[in-house]
Structure formats: C-alpha cells, structure tokens
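J.: Quick one: the structure is below, questions incoming.
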Amino acid sequence: MVSERVSIRVTTDPMFGENSYVVSAAADRDCWLIDPGLPPHAAEMTAYVQGRGLTAAAIVLTHAHGDHIAGIDGVVAALGPLPIYLAREEWAALSDPRENLSSNVGLGVVVRHREPLHDLVPGRTLTLDGLAWSVLDTSGHSPGGRSLYCAEAGVVIVGDALFEGGIGRVDFHHSDGDRLLRNIRDQLLTLPDDTRVLSGHGGETTIGRERRTNPFLAAL
C-alpha cells in the first residue's frame, strides 16, 4: 500500500530483477498492469488480479525493452484483450528483438498481442478511479521512456530512468545519456522531495534521497 488512495503490488523476476507493478485505487476495482516482464510476472500478476477480484483496465509500459514486455502475452491469455499504453517511439520494439534488446541475451522476445496500442504522450493525463497520473518524458535510456506521476498519492513510477543510487544504462544503440539526464533534471527532480520513486529494478527510493545521494545526479 503506497497511500490511502492507491495500492501498488510489486513482483520481481529472478533473471534480471525487473519490477512489474499492479496499480489499483482503493475505491475501485480497476487496475493497471505496468511492465509485465519475464516469468513469473504474468502468472503472479494475473493471480493477484483474479484473487483480489480486480478488473484489468490496461497494460501500461514505461518502455519496451524485453525484460519489461515479455509477460504481455501471458497476461492477455489469462485476462483477455487489453489496451496497451506505450510511447509511439517504441511500438516497433514490441515485435523486434533487436530493438527491445532481448536478442542481446538470446531471448528473442516478440509480443503477439499488441493491439490496441495507445500513445503515451508527455503532458497528458491518465485516470484510474479519479486519480490523475501525469505522463512524463523520461526518455534517454530508451527512445520513448515514460514515467507516471500521481501527485495525490505522492508516487512516481519511472521504469529504468532512475534507480536508487543510479540511472538507466545509456550504452545501447538507441540510448542518449544527455537526454536522460536532462529529463531527470526537468521531469523528476522538480517533483517534491518526499515523492516515492518506484523503479524498474531495485528498491523503492524518494526524489529527495536521490537528489542528495545519487552520484550520477551530482552535476544536476
């Protein structure tokens, strides 16, 4: 439980330590499945949704690297067709193992169920049970990286943009380190210090803690 208004369930895969999230609001039964990755994500996320009597409203992707999308087909097989929200810049990565980087580790992830797709446009707002989640541009680790910020709940889900004591890798063919740092500075470090940060890998942190202690952000 992150706040009185929102509940966030985290599961972590043993291969890459990737965090997937089921987000639901306390007053409603709808939920989002964020970044369903490698096993056991799909099984654990769907079991949680079904066990709690939740209704999956959408799959939301912070970005389309293989470890964040490998569970989509499993989720859809269990819960039925779902809209997928992902930055348009990364739509092609859903079906291209080179672009989603899974070919680098011999996995060859291809998502078969990838319709309907909706663009995650920075500056727009998604709503879950009356809670507004702002879409932030945190690209740089990947070309269309996005974060979701809920001011009322005091939480931001950042994918692989920012970690406890680190930032996303920028040595991939489609990465841009300068862009990532600009976006962290302009989109994340402008949030209140007590904002809880839920990352794609590793533990929970806060904006204030990373501002003070993250060595990658010292120059900002």
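Each reported figure results from applying straightforward, stated rules to the coordinates on display, with no laboratory input. On a predicted model such as this, the values are computed, not experimentally measured, just so you know. Cβ placement follows ideal geometry from the backbone for every residue including glycine, while neighbour counts extend to all protein chains displayed.
J.: Need the full-extension length gain, ALA78 to ALA92, defined as separation in residues times 0.36 nm minus the C-alpha distance. One decimal, nm.
T.: 2.6 nm
J.: Further, regarding this structure: Tell me, TRP91, TRP32 in order of fewest to most beta-carbon neighbours within 10 Å?
T.: Taking fewest neighbouring Cβ atoms as first place, the list is TRP91, TRP32.
J.: Further question: Is the shape of the stretch 92-220 rounded, prolate or oblate, going by the alpha carbon gyration tensor and its root eigenvalues a ≥ b ≥ c, with a/c under 1.5 for rounded and a/b larger than b/c for prolate?
T.: oblate
J.: OK, next. Could you give the length gained by full extension between THR213 and TYR48, i.e. 0.36 nm per residue of separation minus their alpha carbon distance, to one decimal place?
T.: Using 0.36 nm per residue and subtracting the Cα-Cα distance, I get 55.9 nm.
J.: Just the projected area, averaged over all directions, of the convex hull on the alpha carbon atoms of the stretch 28-94: how many nm²?
T.: Spelled out: convex hull of the Cα atoms, projected over all directions, averaged, 4.2 nm².
J.: Now a separate question. Counting Lys +1, Arg +1, Asp -1, Glu -1, what net charge surrounds VAL49 among other residues with beta carbon under 13 Å of its beta carbon?
T.: Here the count lands on +1.
J.: Tell me, ASP171, ASP73 in order of fewest to most beta-carbon neighbours within 10 Å?
T.: Final ranking by Cβ density, sparse to dense: ASP171, ASP73.
J.: Starting from the Cα gyration tensor of the chain, take the square roots of the eigenvalues, sort them a ≥ b ≥ c, and report rounded, prolate or oblate (rounded when a/c is under 1.5, otherwise prolate if a/b is larger than b/c, else oblate).
T.: Oblate, because a/c is 1.5 or more while a/b does not exceed b/c.
J.: Follow-up. Within the set of other residues whose C-beta is less than 12 Å from the C-beta of ASN104, count the net charge using Lys and Arg as +1 and Asp and Glu as -1.
T.: -1
J.: Still on this structure: Which order do SER20, SER175 fall in if you start with the one that has the fewest other Cβ atoms within 10 Å?
T.: SER175, SER20
J.: Among DSSP beta bridges whose residues both lie in the chain, state the antiparallel percentage, nearest 5.
T.: 70
J.: Give, as a single signed number, the net charge of other residues whose beta carbon lies under 13 Å from the beta carbon of THR205, with Lys and Arg counted +1 and Asp and Glu -1.
T.: -1
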